[in-house]
Amino acid sequence: MTISANTLPSSDSAKGIVEVGFVQTDGRTKLKHLYQTTPLRVLFPNVARGDVPVAALTTVSGGLVGGDVMEIDVRVGPDASAMVMAQAAEKVYRSNGPDCLIDVSLEVEAGGWLEWLPQEAIVFDGARLRRQLTLKAAAGANFLAGEMLIFGRTAMGEELKRGLLRDAWSVELDGSLVWMDALHLEDDIAEKLNHPACFNGARACATAVASNPDCLDLARTLIADDAVEAGATVVNGLLIVRWLSVDAPALRRSFENFWCGYRAAEGLPAQLPRLWHI
């Protein structure tokens, strides 16, 4: 990530850090490492029988402003299984100049299972957000990771007109870079969101990446929905699913349907944690 004057935190900005690691011991996944600083906090809710341990991230400040920096590091050891999820939708408020930075680093070792389950990041008009997600998986590791974005406070009738939104991905499998992707919107964002050759009026988008390319046909079946534009493909052994919609709630429902269906294909309960629905 390039550091400029706009990306340097000010003295009154928040810097939240979370480091969480899981390891398998005696056939069970257990917490190995936890470090957290305000405004990020980690909750460990009870999970349904037969499901994997869950760590839920929450931002106790109530949202992010320009200059805030959030660093999240998740590691799942060999044969361990865990889900790390957002406790609620993240609000990214209007900035008076500085960028808000979110840096997510995920790593899963051989035989491990890692889920990075998002809630929506709601990007207010005038916000400046740079988010980077880096995922590294060893040979024989399994994962499912996603992100969701809402362009403006759609429930309030607000449109994301100006600002900065950069959402980037980097995925490595067995030490080799297999996929990079970046969405970059800046200045007159409304024109790009409304242009028929760009977002064609969409007010929400989402991406999911998964380690099992054999689930391509299943993914295409799960995302078939007249209310949402969606597609799935395989790139370098990586399953990639995309969503676009003018209706953010409809996109969320389609995203959930895919996630549950994919979990079932991997032998996990076809449901999301109750906390995801609150």
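The values are calculated or read from the model by the stated rules, or taken from the named source; none is laboratory data. Since the structure is predicted, the reported quantities are computational estimates derived from the model, not experimental observations. Using ideal geometry, Cβ is built from the backbone for each residue, glycine included, and neighbour counts are taken over all protein chains shown.
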Just wondering, is there one or more residues in the stretch 98-107 that are touching a residue at least 60 places away in the same chain (Cβ under 8 Å) and under 16 Å from the mean Cα position of the chain (by Cα)? yes
Scan of the stretch 11-45 for residues that are in contact with a helix residue (DSSP H, G or I) (Cβ under 9 Å, 6 or more places away or on another chain) and either among the charged types (D, E, K, R) or assigned to a loop (DSSP other than H, G, I, E, B) (or both), ordered by number: Pro45
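Checking the condition of a type in the set (Asp, Glu) and either closer than 22 Å to Ala80 by Cα or free of Cβ contacts under 8 Å to residues at least 24 places away in the same chain (or both), which residue from Asp214, Asp225, Asp247 passes?
The conditions single out Asp214.
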If you go through the stretch 71-91 one residue at a time, do you hit one that is crowded, with 16+ Cβ neighbours inside 10 Å, under 30 Å from Gly140 (Cβ atoms) and touching a Pro at 6+ places or on another chain (Cβ under 6 Å)? yes
Please find, within the stretch 114-145, the residue that is surrounded by the fewest Cβ atoms within 10 Å (Cβ to Cβ) out of those that are under 18 Å from Leu101 (Cα atoms), touching a Ser or Thr at 6+ places or on another chain (Cβ under 8 Å) and small (Gly, Ala, Ser). Gly126
Count of residues meeting criterion [more than 30 Å from Asp51 (Cβ to Cβ) and modelled with pLDDT of 95 or more] in the stretch 1-37: 1
